[in-house]
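Read through the structure below, which is laid out as structure tokens, and then see the notes.
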Amino acid sequence: MGTIIPAGRGIAATSEYAFANTDADKNTRLVLSTIAAYGSAGCISDQIQKSLKTMPYGSVTNHFRELINKGHIEVIGKRRGLSGRPQRVYTITSSGKTRVQEQCQGELQL
């Protein structure tokens, strides 16, 4: 079976190809692991982007809402980003730590 592409106005062929060939679960796990690496001090999206250089900024930020809704990360405040504007500080929760441990054991299913 082929990959189902969401309907939208004027989706370019390159966008369709990118969507079909992106492992969203893998990217979500990468973002979660990166946030976990910063520990209790947390991190802002600029720091995550710097750690995940191959992932576009928009792709990094797309995973925050899902991780918050699942209780794996939380917002603990704001810090200034590279632009000087405030960004949310994300930190991992105990539920998120459990997920990262499972991920390290190859059992993570987000």
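The values are calculated or read from the model by the stated rules, or taken from the named source; none is laboratory data. Please read all numbers here as calculations on a predicted model, not as lab measurements. To get the accessible areas, we keep the full protein, side chains included, count just its heavy atoms, and leave off ligands, DNA and RNA. Shrake-Rupley method; radii C 1.70, N 1.55, O 1.52, S 1.80 Å.
Cross-link reach is defined here as a Cα-Cα straight distance under 26 Å, omitting same-chain residues fewer than 8 places apart; for residue 26 the lysines meeting it are 50, 53, 70, 97. Per residue, the range 67-106 exposes an accessible area of 66 Å² to a 1.4 Å probe, with every protein chain left in place. The HN-Hα couplings worked out from phi for the range 73-90 by the Karplus form 6.51 cos²θ - 1.76 cosθ + 1.60 (θ = phi - 60°) are 9, 9, 8, 10, x, 9, 9, 6, x, 4, 6, x, 8, x, 10, 5, 9, 9 Hz, whole numbers, x standing for Gly and Pro.
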